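Derivation of every value follows stated rules applied to the coordinates shown; laboratory data play no part. Since we're looking at a predicted model, the values are computed, not measured. We place every Cβ from the backbone using ideal geometry, glycine too, and count neighbours over all the protein chains shown.
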Amino acid sequence: MKKRKMYMRMITASLLRRRSRMIVALLAIAIGATILSGLVTIYYDVPRQMGAQFRSYGANMLFTAVNDTFSQEDVDNAVAVIPESQRVGVAPYRYETVRMNDRPVLAAATDMEGAKSASPFWRVNGDWPSADGQLMIGKSVASLYKLNPGDKIEVTYTPVIETENSSSDEEALEENADEEFILDNYIDFEVVGILDTGGNEEEYIYMTLNDMEKLTGKANYYNVCELSVSATADELSVYADKISEGVEGINARLVKRVTQSETTVLSKLQSLVLLVTVVVLALTMICVATTMTAVVAERRKEIGLRKALGASDKSIIGEFMGEGLLLGFAGGFLGAFLGFLFAQGVSVSVFNSSISFRPLLLPVTIIVSVVVTGVACLIPIRSATDVDPALVLKGE
Amino acid sequence: MSLLELKNVSKIYGNLHALDNVSLTVEKGEWVAIMGPSGSGKSTMMNIIGCMDKASEGEVLLDGVDISKESSKSLTNIRRDKIGLIFQQFHLVSYLTALENVMLAQYYHSIPDEKEALEALEKVGLADRAKHFPSQLSGGEQQRVCVARALINYPEIILADEPTGNLDEANEEIVVELFRKLHEDGTTLIVVTHDPEVAEVAQRTLVLRNGKLDHETVNKNFTGHIKYNL
Ligand SMILES: Nc1ncnc2c1ncn2[C@@H]1O[C@H](COP(=O)(O)OP(=O)(O)OP(=O)(O)O)[C@@H](O)[C@H]1O
Ligand SMILES: [Mg+2]
């Protein structure tokens, strides 16, 4: 016990009282540990962070109707399968053909907030519709009609009286033919935004669900629902299967193009992080080994003296290793906290969101630092045992 | 049985005989001085007696054990248990206090005992400097710490290689006085010195030349006190 105390006193005295050299080693270990804990934090956080980032590339899950349409209740039931924390955007769409200036146009109605989150890459020149009577039109439609934000446009809808379906009512249709004008519903819209996506979304006009209901007189049905879910590809397929099986009327599937590129980018990013960590640890090891070699060379006389006083090789190794491991511990401790700050900084500046401290990372960082330092010290410390005690009798 | 016996000991470096067929005996409790010009093999001999080096030829009996045949591991044990060393360059660990430096010898020998270490420092008159670091001590004080460290484990034999080489007369006298006390306590002393005054206080002086034992003088009126030829 007493001996242990003297041992601790010696190695701490050596570290604390001969600072210069050790500070270099401590710094190397602390930096290594910082990068380690920082990158590991990021490594585990990247899927979450990047998941959110990837959500900017649009929907990664799609609901289609088993029979033509599905209802709001179907959507609610299906969405309930996905944990709330992972839902980024839910945009149920309803499509109709309407007319503007007597020409047919495809109209989509959706929950604008949901669409905004599900398709964050949509660029809108002007504003999204935020109230009834407001219309967002695709770029192609806008150029066809020469419409700009602020313009007024009347949208008409002819309630469907389909000839094929009602062949028996053909006569009735004929009768109604001249009443068509009266049957038309119309709304005077104000164009608030022009949608620019580079895709076929530009061929539609967009209105609120409320307006669509007014226009068509029909409520509560959708053709398609786009979802943006912050989850891994595996999780997504589980959700999709569950929904397809569990919710009648809805067929859920993944937007493969998006989920696959997410997975490959993620795995590439993670292996990059892993590689950087390994390289940094190797560099730390080299730096510690170099410093330790210098320290051993610097302290040859002291080692010789200790041996002359009767120190065995084992106790020499024990003392230097003790110093090294203590240093590794201190460096790891320091690095775990600095690493968190580092990860936090990266997360805030790159992903714009903060991360929470993982307590488990503290012991892990310390253990890795201690092990890395221990391994780095092995060779230099072995050479300490080669010092000849006769050295101390030789003059300087 | 003599405490130390060298029989035809040689130490050969290449074709240089640093020690050349040296034989000598030292009895328990004796105080022996070793003199000789630089390069005559004094330190080489001390290293061999101190179990820090092995003779190339011959036998070295310490307490009846032939240490020239021992492994370096058991040499470490013998050195630790039986030998106290004092060096010209003091060799204190710079980041340990005087007290801790003394305790270091205890640490490797058995168990550190702060009280005992402090007593040893008291013996060399440095109780009040226990918490000082070597850099805060004068050369004489540092050497006295070394003496305290050498005697702390009650070694059978104290080997001092030019212990006063870096000291002024006043400190030299203090150190020699410490040797005299050690001698009185029955410790065997072998002191290498260039200084005739330090050699004269010993009971016997061996003179080495070119690795050979040149001659030996016995101090007939041995008192253990240094006499200055004023
Ligand atoms: N490791 C070694 N390798 C080769 N030669 C050595 C070695 N150690 C000592 N010598 C040689 O052995 C001879 C005796 O050296 P030693 O150190 O014993 O002399 P010394 O009597 O102690 O001298 P000084 O009074 O200067 O300390 C010297 O010529 C020295 O050069
Ligand atoms: Mg010498």
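Which FRET efficiency value, to the nearest 0.05, do you get for B:His132 and A:Ser383 by plugging their Cβ-Cβ distance into 1/(1 + (r/R0)^6) with R0 = 30 Å?
For R0 = 30 Å, the calculated efficiency reads 0.40.
Find the centroid of the Cα atoms in the stretch B:147-226 and in the stretch A:202-240, then give the distance between the two in whole Å.
102 Å
Just grab the label-to-label distance for A:Glu154 and B:Ser71, each label 7 Å out from Cα along the Cβ direction, in nm (one decimal).
11.0 nm
For every helix of n ≥ 4 consecutive DSSP H residues, a contribution of -39,500 (n - 2.57) applies; sum these over chain B, divide by its total residues, and give [θ] at 222 nm rounded to the nearest 500 deg cm²/dmol.
Taking each H run of at least 4 residues, the total per residue is -10000 deg cm²/dmol.
Within chain B, what's the longest run with no trypsin sites (Lys or Arg not before Pro) in a DSSP loop and at most 12 other beta-carbon atoms within 10 Å? Give the range, please.
B:1-130
Modelling each spin label as a point 7 Å along the Cα-to-Cβ direction, I'd like the A:Tyr44/A:Leu283 distance in nm, to one decimal.
Distance between the two pseudo-spin positions: 2.4 nm.
Between B:Leu96, B:Leu151, B:Leu189, where does the largest GNM mean-square fluctuation fall for chain B, given springs only between Cα atoms within less than 10 Å?
Result for chain B, Cα springs under 10 Å: B:Leu96 fluctuates most.
Would you mind getting me the FRET efficiency between A:Glu298 and A:Phe329? Use the beta-carbon distance for r and R0 = 25 Å, nearest 0.05.
That pair, A:Glu298 with A:Phe329, gives E of 0.65.
What are the principal axis extents of the Cα atoms in the protein assembly as shown, in Å, biggest first?
Extents along the principal axes, in whole Å: 155, 42, 42.
Percent of Cα-Cα pairs more than 15 Å apart in the stretch B:109-172, please.
Percentage above 15 Å: 53.
Using DSSP, restrict attention to beta bridges with both residues in the stretch A:60-254 and report what percent are antiparallel, rounded to the nearest 5.
Given both bridge residues lie in the stretch A:60-254, the antiparallel proportion sits at roughly 80 percent.
Angle between the Cα long axis of helix A:233-246 and the longest principal axis of chain A, 0 to 90 degrees, nearest 10?
40 degrees
When averaged across all projection directions, what area in nm² does the alpha-carbon convex hull of chain B cover?
Averaged projected hull area, Cα only: 12.6 nm².
If the viscosity is 1.306 mPa s and the temperature 10 °C, what Stokes-Einstein diffusion coefficient in µm²/s follows for the stretch A:60-254 when Rh is the Kirkwood radius over Cα pairs?
Here the translational diffusion coefficient equals 88 µm²/s.
State which helices in chain B qualify, where a helix is a whole DSSP H run, it must extend 20 Å or more along its own axis by its Cα atoms, and its mean Kyte-Doolittle hydropathy must be at least -0.5.
B:169-184
Mind checking the angle between helix A:2-17 and chain A's longest principal axis? C-alpha axes, 0 to 90 degrees, to the nearest 10.
70 degrees
Considering the dipole of the stretch A:60-254 built from charges on the beta carbon (Lys and Arg +1, Asp and Glu -1) around the Cα centre, which of A:Met112, A:Gly217, A:Asn101 is farthest to its positive end?
Comparing the listed Cα positions along the dipole, A:Met112 ranks first.
Which loop-located GluC sites (Glu not before Pro) does the stretch B:1-55 contain, where loop means any DSSP state but H, G, I, E or B and the Cβ has at most 14 other Cβ atoms within 10 Å?
B:Glu27
Could you tell me which residue out of B:Thr187, B:Leu206, B:Asn15 lies farthest along the dipole of chain B toward its positive end? Charges go on the beta carbon: Lys and Arg +1, Asp and Glu -1, centred on the Cα centre.
Positive-end residue among those listed: B:Asn15.
Only Lys, Arg, Asp and Glu count, each charged at its Cβ (+1, +1, -1, -1), so figure out the dipole size of chain B about its Cα centre, rounded to 20 debye.
Dipole of chain B, to the nearest 20 debye: 420 debye.
So what is the relative contact order for chain B, in percent, with contacts set as C-alpha pairs under 8 Å and at least six apart?
Relative contact order, chain B: 27 percent.
At 222 nm, what value in deg cm²/dmol follows for chain A if DSSP H runs of at least 4 each add -39500 (n - 2.57) and the sum is divided by all its residues, to the nearest 500?
After summing the helix terms and dividing by the residues of chain A, the value is -18500 deg cm²/dmol.
Working from Cα positions, state the angle (0 to 90°, nearest 10) between the long axis of helix A:19-54 and the longest principal axis of chain A.
It works out to around 20 degrees.
Roughly how many nanometres apart are two label points built 7 Å out from the Cα toward the Cβ at A:Ser356 and A:Asp234?
2.2 nm
Treat every Asp and Glu Cβ in the stretch B:84-213 as -1 and every Lys and Arg Cβ as +1, leave all other atoms uncharged, and give the resulting dipole magnitude about the Cα centre to the nearest 20 debye.
The calculation lands at about 360 debye.
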